[in-house]
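Worksheet: one structure, shown below.
Bear in mind that the values in this text are calculations on the coordinates, not laboratory data. Treat the numbers as computed from the prediction; the structure is a model and nothing was measured. No Cβ is skipped: glycine too gets one built from the backbone with ideal geometry, and neighbour counts run over all protein chains shown.
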Amino acid sequence: QVHVVESGGGLVQPGGSLRLSCTVSAPSGRIRGINVVNWYRQGPGKERELVAGITSSGVINYGDSVEERCTISRDNQKTVALQMTDLAPEDTARYYCVFDVTLSYPGSRRSFWGQGTQVTVSS
């Protein structure tokens, strides 16, 4: 089994910061390689949107909506962090992490989603 777990969400005041973390776990040898890790978010009544992503080669891209207020980084091979600063109410959303991986067998490429972590920005 491959499992993705997000953590770090919670209630924060406007202008505050949060650091989200995402970790993938799998049986030994199950994952041949991690291709890209993306953070998405979906706020109430809104479409899901990309927040940030990082590829295995270190290429990083950010969604248009984050306005340079977030930083994605790889803590280790299986953990990716998303640092968010100067949070505003419009950042309120459930944040999802997705690991796009190549499995050792049958060598297929698949995406695995976490259950999400809630971020609420409110006074």
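Quick notes on this structure:
- Selected from ALA81, ALA93, ALA26 as most flexible by GNM, with the chain as the system and alpha-carbon contacts under 10 Å: ALA26
- Between GLN13 and ILE60, the FRET efficiency from the beta-carbon distance, with R0 = 25 Å, is close to 0.35.
- Taking 4.7 Å between beta carbons as the limit, the unpaired Cys residues of the chain are CYS70.
- Across the chain, Cα pairs under 8 Å and at least six residues apart give a relative contact order of 37 percent.
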